[in-house]
Each structure stands twice: as C-alpha cells, then as structure tokens.
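Input: a single structure, listed below in structure tokens.
The values are calculated or read from the model by the stated rules, or taken from the named source; none is laboratory data. A quick note: this is a predicted structure, and the numbers were derived from the prediction, not measured. With ideal geometry, Cβ positions are generated from the backbone for all residues, glycine too; neighbour counts draw on all protein chains shown. Ligands, DNA and RNA are stripped out before the accessible areas are found, and what is left, the full protein with its side chains, is counted by its heavy atoms. Shrake-Rupley method; radii C 1.70, N 1.55, O 1.52, S 1.80 Å.
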Amino acid sequence: MKAKNLKKKKASAQNTQKGKKRYSVENDPFFDDDNDLKRRKRFGDDEDIESSDDSEDIYGSDDEGVDRNEGKEEEEEETAAEKRKRLAEAFLHSVRESKRKEEEEREIGDEYDREEREAMRDSLVANILQQEQMEESGRVRRAIASRIQKPAEGFRLLVKHRQSVTAVTLSEDDLKGFSSSKDGTIVSWDVDSGKTEKYAWPTDEALKSHGAKEPQGRATKHSKHVLALAVSSDGRYLASGGLDRHVHLWDIRTRQHIKAFPGHKGPVSCLTFRLGSSELFSGSFDRSIKIWNVEDRAYVNTLFGHQSEVLTIDSLRKERVLTVGRDRTMHLWKKMLKWCSLLEREELGIEERNGALSNGHMENGTLNPQSHSSSALSWVSALTVCRNSDLAASGAGNGSVRLWTIESESKGIRPLFELPVDGFINSLIFSKSGQFLVAGVGQEPRLGRWGRIADVRNGVVVHPLKLS
C-alpha cells in the first residue's frame, strides 16, 4: 500500500511540474500563420462577420408598443384656426416680399438702416390690409369706373337655356356662376370654360319630406318657375325662389335639394345672403321680407313695411338689408327694424331715355295697353352695382347694356359706355374685381310676357372689362 501511495505522489508531482510550464506566443497555435490560412479557407477571404449591434431586434426597443405613425398623423392634422393663421401668415409674407422687391427696384439709399426699412414695409402692409378691410366692409368706395377702357369686343355667349333666363349670380371667388330660367332649369357653370352642371329637382314626395307645403290656389303641383338665385359667401349653399312661394336650399357640392322653406303667400321675387353669415333674406309679392337661418334650417323673422310687391333686395356684411318695392319706396332695415324709407319720385318701372333713367309707360302701377310692344323694350329690367365701387350697369330690351359712373359729390349718375346685346336683359351681375359683367338674356321679360323677341338666343352672356 505504501508503495502504491509513493507512485501516486510521484505522478502528481510530475503533473504539477508540467502545469507550471509557460507557453510563449510563438508556440501558441492560434497565432500560427498556417492556421490563419486554414481559417480563411474555411470562412472565405471576403466574408464579414456581422456584429450584434441590432440589439433592439433581440431585446426590443425602448419605443416598442408606440405607433411611430401617430406623431406624423398629429403633425398632419390641422385645425381650422391653424389653417386660417397659416394662410394669413402666407399672405403677409407675400405682401412683404412684394414691397421688398419694390424697394430694391427703387434702390433706396443707405439713409435708412435695415430696421427702419422693415418698419416702413410693415406700415405699408398694415395700410394695405386696412384698405382692403375698409373696402370689404363698405366704408371706402373703389374708383373703378374711371379705369375702364373703351370696350373693343362684345358679349360672348357662355351658357344656353331653352327658355328665358330669369336670374344669374356668381360665387364669392368669381370662379363659378349660376343661372335659372322660366322652365325651372338651374345650372352651375365655370366662368372660364363654360362647362355646365345641371341641378335636378326632387320628386313631390321628396319636396314634402324636405318641408314643402301643398300647392295653394289653382295649382295642382309645385311650380318650378324660378325668379331669384343667391349664393352664400362660404360657397356651400344655393338658394332659389319662384312661383311656388317657397325658398329652396341646395347643397352646391352635391347639387342636391336639402330644404324647402314655406311661409310666403306670394311668389318669391328676390333673395340675398348676408356676407359672412348664414342669414338668408327673401322678398315676395306678398309685400313681406322673411329671414331664414340656413345652418339651422329655421325661420327667424318677418319684416313688414312695403305697401306693394317687393321687387329686389340686397345686403352686405352688416345687419342691414335694402329693399325696393313697387310702392315707389326703398327701405333700409337695421337690426330687423325699418330704419328709414326713401320715396322715389317716379314709379320703379323705369326706362332709359336721352341718356338718363326716367319713368316708363306705367300709370298707377298698370301697363298702358297701347304701348306693350313698343315701350316694353325700353323698360329697365335689370340693375347692378359692382360691390363697393362707383360702377353700375342697367339693362333693358332695347339692344344694349349701359354702364354708369356713380358720382360721389353730386350723388348722381352719368353714362359711361353702351354694350350692344340683343334680347331682354333680365339679370345682371359684376364680378367682385370688376373685370367682367354677366347678363341673363331671354326672349321674354323676367316677370311676364308682355313682349317677345323671337330671334334671340336664351342664355348667359359675358363681357370682359379691361381696367387701366
């Protein structure tokens, strides 16, 4: 046993001596060149070993579970207030850039430093904005009549109608127009190209579901004879009125009928929207003016004061509306109350004679039977004024549309130019910029059939106006 233990001790001693032996780098097979060649042959000379930098794929990123598109969607979403602010800032930037370019062209010297020039530019921008705001509110009248050059071309036919056109109107941006005729046709059209889109009347059942009442008097069905059109300033609604004693509301985007407002006891002869609001005013042969809210689809109020049919109506941004009736009066309504009345010297069925506006052949509101065919052609059937300007236009059936200058000092008018056109001028409207005039032409007058010009095309005509 002792001999065996001695052998084990010797063997363990030898092993410990071998374990204490040190190896140099030169003897390490890892650094051997032959082994390096073998490894390259095994893995390839150009092979790269990918690192484990993509630790997010293994352990998950800190943003795991968060929708990365959520931030983008929040950035893309924009409220109406932010959009208005962005558009206003863009407009201010464009005005400032234009003024800066003007200053560069004028080569302003070094007498002003940079800050003073920027202050001057800002003051000019403020003056421009203030001027536009005053013109929009009607406090300042634009001088356009003196800038109109003598027309070198005539009216151009833009839209055709089967029967006489009774009303024309334009959208707030002057890009789209609307017209109606005696056969009930309502058409929207592009001002530049003349491309048309027709509005389709709903069935009688649909009209009843939209609020229409049963036909009154001898009528057995709703008449589609349209006498008046109006467009809201936001471009969303079109209002129409006619012989069926209803005010009809249409969606301009879909061209669908959405509401019928009953209440008038006579034909609806005129319509207008108050600028920047949802208020709609309607005048009727029942001598009343009614107020509607198109957003709420509701009736608001009725104004009384005329002793005869209401013929025309107009309104701007303030809570005021101007009406003219066959009772020879013009009423200005303020805050739903009659503010003042202006008595006309002559009947409002007027004609053009000797370059001025004078009375037509009417006596006590009735037509002279012996002058139906002759004098009816000279009665002024349409009047319009370019908004917040000194330019006006009148039309009759005597073969021309006459432009007028409204004088501020004498408060009178004087003739400017005559624009030839055949047919009865039943409706007129200027573009907001005063660069063109639109007329609704028909073979017959708007409110009757006491005259007829058979060789005239029913339709909408446009005349460009060049400003100096």
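Surface exposure of the stretch 174-329, expressed per residue as accessible area with a 1.4 Å probe, stands at 44 Å². Counting only protein heavy atoms and a probe of 1.4 Å, the accessible surface of the stretch 275-316 is 45% carbon and sulfur. Most tightly packed first, judged by the mean number of other beta-carbon atoms within 10 Å of their residues, the peptides 288-296, 414-422, 433-441 read 433-441, 288-296, 414-422. The packing ranking of peptides 83-94, 316-327, highest mean first, is 316-327, 83-94, where packing means the average number of other beta carbon atoms within 10 angstrom of each residue. Measure up K195/K290; K176/K265; K85/K198; K198/K259; K265/K432; K224/K259 against 25 Å on the Cα-Cα distance and list the ones that go over. Where the Cα-Cα span goes over 25 Å, the pairs concerned are K195/K290; K176/K265; K85/K198; K265/K432.
Each pair of Cα atoms in the stretch 149-196 enters the Kirkwood radius, and Stokes-Einstein at 25 °C and 0.890 mPa s then converts it into a translational diffusion coefficient of 208 µm²/s.
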